[in-house]
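Worksheet: the structure to be examined is printed underneath.
Rule-based calculations on the coordinates, nothing more; no lab input. Just so it is clear, the structure is predicted and the values come from calculations on it, not from any experiment.
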Amino acid sequence: MTASVSINRHWVIVLHNGDVVIDWGDGVFQDVISGAFLTTVDQTGSHAIQNDECAWLESSGVIQGYDTAQVYVTHLPMRHQQSLE
């Protein structure tokens, strides 16, 4: 079974254009499907992910599962950050 990362559902948002992203805070977003990191996202008309949207992502193999509090996301690349040194 593929390992997944548990993400709070409040951080997983669906944008007006239908893209599903994770809001990591500090203006950093990550596309759930492509894994791409985004620095600009138009959040106008966005909403927290709903059960039907989670079910579609699960049936598409993008997420491993979900419950009332979490979405279990697979295949997310790590964000590269520079060290403080």
Give me, ordered by chain and number, the residues 5 or more places off GLN70 or on other chains with an amide H under 5 Å from its own placed amide H. ARG9
Given 20 °C and 1.002 mPa s, how large is the Stokes-Einstein diffusion coefficient of the range 10-73 in µm²/s, with Rh as the Kirkwood radius over Cα pairs? 181 µm²/s
